[in-house]
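Any read-out appearing in this document is the output of simple, stated calculations on the displayed coordinates, not a laboratory observation. These figures come from a predicted structure and were not determined experimentally. Using ideal geometry, Cβ is built from the backbone for each residue, glycine included, and neighbour counts are taken over all protein chains shown.
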Amino acid sequence: MAVLGAPPGPRYELIQRIGEGGAGSVYRAREIGSCARDVCVKRLVLVAPDLTRAMREEARLLACVRHANVVSLLGVGEELGGTPFLVLELVRGTDLRQLCRRVLAAGVGAPHAYLADQVSVHVACSLLKALGAVQRLVPGLVHRDVSPSNILVSNEGEVKLADFGIALARDRARWTAPTLVKGKLGYMAPEQVRGLPLDARTDLFAVGVILYELLARRRPWRARNHVDQLRAVASADFVPIEVARPDLEIGLKTAVARLLAGEPGERYACADDALRTLAPYSAGDLGSLRLASIMHAIDARPSEKTNAEEHDDDARPTPRL
């Protein structure tokens, strides 16, 4: 396969394509040289000024963030002609969407089932930690695409948020319209669908949808097609979590409802506030061990999905972990 980069800088041999989005592809690669290591390389499929600028901006944003729950930027290189590519940490494992499919297919249950809700909340808390960190380090940042295919779960049970390719920060507004509708419909907040201004609370809504799915094994709305779904999201017409899971603790039901509030002002003010509320319901440090045991139980490694970026909106029910 191709080799990217030019001396005297690092060079990377592309080994395998492991994911593809609308404008970019993701590869497992190996750094050439004395410090040989496996990495993830994200490169553009289409070369255009706006996409090149967006990739450089993604690199700038990620360079500001160092957090255990965010995929790390290791470097930035240039292909022939000056097109940038990103070098990211290689997360060996799968994404949350594929993991849930495999749990469903494998029928993973006892003896792990007693931790199901706590582990689901652990995933949500990991996302909130990631969002809280990027908000503190890059004020005004909105990821805009927090969804299961952008949530990586390593074979060791680590949960990491990936793909900041369409993230919006305040100082990008001069060239990116803040009301631009981008992301996956199933995880967009009402204001995102309506084309209204976005802020950090938009990402909290997506966390609420993911948590709802993990706890209830279904989407938060009743919809026969994308049009119905669009209307349901835009009008915040959701099935309360207590309908699907009447057995949940009242505090957890209240937290999910607040994350999914139709108006941003009715949600938590920031990720840290939501985290403080959800943390008591989480598996805590046991959450990663539990996820690692699930990965082992369903034998994820032979069909390993690493740093993948699939951008479809899977409408199938998501199983509870």
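Two decimals, Cα atoms only, Kirkwood Rh: what is Rg/Rh over region 93-303?
On the way: Rg = 16.6 Å, Rh = 17.4 Å.
Ratio of gyration radius to Kirkwood radius for region 93-303: 0.95.
Can you tell me the FRET efficiency between residue 45 and residue 289 if r is taken as the Cβ-Cβ distance and R0 is 25 Å, rounded to the nearest 0.05?
On the way: r = 38 Å, r/R0 = 1.51.
So the FRET efficiency works out to roughly 0.10.
Set the Förster radius R0 to 25 Å, insert the Cβ-Cβ distance between residue 11 and residue 136 as r into 1/(1 + (r/R0)^6), and round the FRET efficiency to 0.05.
Details: r = 35 Å, r/R0 = 1.39.
Efficiency, from the Cβ-Cβ distance: 0.10.
Report the Cα centroid-to-centroid distance between region 10-71 and region 227-245 in angstrom, as an integer.
36 Å
Suppose the chain between residue 52 and residue 266 were pulled fully straight at 0.36 nm per residue; how much longer would it get relative to their current alpha carbon spacing? Mind dumping the intermediate values first?
Values: separation 214, 0.36 × 214 = 77.04 nm, distance 3.69 nm.
Here the segment from residue 52 to residue 266 would lengthen by 73.3 nm.
Hey, how much of the P(r) for region 46-159 falls beyond 16 Å, as a percent of Cα pairs?
On the way: 4376 of 6441 pairs.
In whole percent, the long-distance tail amounts to 68.
How would region 3-88 be classified by its alpha-carbon gyration tensor: rounded, prolate or oblate, with rounded meaning a/c under 1.5 and the a/b versus b/c comparison settling the rest? Please report the intermediate quantities before stating the final value.
Working: a/c = 1.38, a/b = 1.12, b/c = 1.24.
Because its axes are fairly even, with a/c under 1.5, region 3-88 counts as rounded.
Determine the gain in length on full extension of the stretch residue 64-residue 217; use 0.36 nm per residue of separation and subtract their C-alpha separation, reporting nm with one decimal.
Numbers: separation 153, 0.36 × 153 = 55.08 nm, distance 3.54 nm.
Gain on extension, residue 64 to residue 217, equals 51.5 nm.
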